[in-house]
Structures are given as structure tokens and as C-alpha cells.
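The values are calculated or read from the model by the stated rules, or taken from the named source; none is laboratory data. Nothing here was measured: the structure is a model prediction, and the numbers come from that model. All Cβ positions, even for glycine, are placed from backbone atoms using ideal geometry, and neighbour counts span all protein chains on display. In case anyone asks, the SASA skips ligands and DNA or RNA and just uses the protein heavy atoms, side chains included. Shrake-Rupley method; radii C 1.70, N 1.55, O 1.52, S 1.80 Å.
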Amino acid sequence: QVQLVESGGGLVQPGGSLRLSCAASGSIFITMGWYRQTPGKQRELVAAMTSGGSTNYADSVKGRFTISRDNAKNTLYLQMNDLKPEDTAVYYCNGKPTPWGSGYWGQGTQVTVSE
């Protein structure tokens, strides 16, 4: 059974930092990523990383967010610095065991950036 379990969300003030974690089990993922979604909008890619270490970031988070993964632990991380109110969203972890298809999703973790 494939499971992706996110943790680390919460409430933070603008300019603050949070670190999200995604513990994966039940499969080996060639690509893992973080997506986010706000009410009424489509889920969007925040950052992704292949098992080989290649990364891809949304323009809006470049220079502020860093994705990393521990392949031995099958865990994905997202270090978020200099958070802005527009980063407020539910953040979802995604894992793709193959290059095709949408992969598997976690349940999401809320990140709120507010005074």
C-alpha cells in the first residue's frame, strides 16, 4: 500500500520559515514533488526532485524554497524561507513511481502565512 504522509505545516508570520516533510512508503518514486492549492484555484507545482537529484521550482518560490530528499528514508522535504502571505495554501506531496500518470498524493498540510 502506497502512503505519503505530510507534516510540518502551520501558521507563520511573513518572513518566517517552515520545513515540510513527506514520509513515503510502499513504492520507490523516481520523482517526488510538492504542490499547493488554494480555494478556487488549480493545484500548482511548487518544486520537484528526481531520484537523481534534478530539481525544478516554480518561479514564485525560486531563491526562497529548497526541495531535498533522503532516498534511504524515502522522505521528501521542503524548506520554505522568507514566507509571504501568497504562499498560504494546502501543500501536497506527490510521488511518481513511473514517468507517466499523476502518481500518488498525500493528504495535504495547511500552511498559513499571516501576521
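ILE67: open to solvent by 50 Å² or more (accessible area, probe 1.4 Å) and not charged (D, E, K, R), yes or no?
no
Can you name the residue in region 6-17 that is open to solvent by less than 30 Å² (accessible area, probe 1.4 Å) and in a strand (DSSP E or B) and is also farthest from ASP87 (Cα to Cα) among such residues? Checked region 6-17; the qualifying residue farthest from ASP87 (Cα to Cα) is GLU6. Residues to consider are LYS84, LYS73; find the one that is under 22 Å from SER25 (Cβ atoms), in contact with a strand residue (DSSP E or B) (Cβ under 8 Å, 6 or more places away or on another chain) and not aromatic (Phe, Trp, Tyr). Going through LYS84, LYS73 in turn, just one is under 22 Å from SER25 (Cβ atoms), in contact with a strand residue (DSSP E or B) (Cβ under 8 Å, 6 or more places away or on another chain) and not aromatic (Phe, Trp, Tyr): LYS73. In the set (1) open to solvent by less than 70 Å² (accessible area, probe 1.4 Å); (2) farther than 20 Å from GLU6 by Cα, the condition left unmet by SER54 is number (1).
Scan region 70-88 residue by residue and report those that are on the phi > 0 side of the Ramachandran plot and either acidic (Asp, Glu) or assigned to a strand (DSSP E or B) (or both).
Narrowing region 70-88 to residues on the phi > 0 side of the Ramachandran plot: 74, 82.
Correct list: ASP82 only.
Residues that are at pLDDT 95 or above, within 17 Å of ARG64 (Cα to Cα) and surrounded by 13 or more Cβ atoms within 10 Å (Cβ to Cβ) do occur in region 21-29.
Output yes when any residue across region 33-50 is open to solvent by 20 Å² or more (accessible area, probe 1.4 Å), closer than 23 Å to LEU11 by Cβ, touching a residue at least 40 places away in the same chain (Cβ under 8 Å) and not in a strand (DSSP E or B), and no when none is. The answer is yes, given that some residue of region 33-50 is open to solvent by 20 Å² or more (accessible area, probe 1.4 Å), closer than 23 Å to LEU11 by Cβ, touching a residue at least 40 places away in the same chain (Cβ under 8 Å) and not in a strand (DSSP E or B). Every condition in (1) over 26 Å from VAL2 (Cα atoms); (2) at pLDDT below 95; (3) surrounded by 18 or more Cβ atoms within 10 Å (Cβ to Cβ) holds for GLU115 except the one numbered (3). Considering only region 100-108, I want to know if a residue exists there that is at pLDDT 95 or above, within 17 Å of LEU11 (Cβ to Cβ) and buried (at least 21 other Cβ atoms within 10 Å of the Cβ). No: region 100-108 contains no residue that is at pLDDT 95 or above, within 17 Å of LEU11 (Cβ to Cβ) and buried (at least 21 other Cβ atoms within 10 Å of the Cβ). Considering region 89-112, and only residues there that are assigned to a strand (DSSP E or B) and touching a Lys or Arg at 6+ places or on another chain (Cβ under 6 Å), the residue that is farthest from LEU20 (Cα to Cα) turns out to be ALA89.
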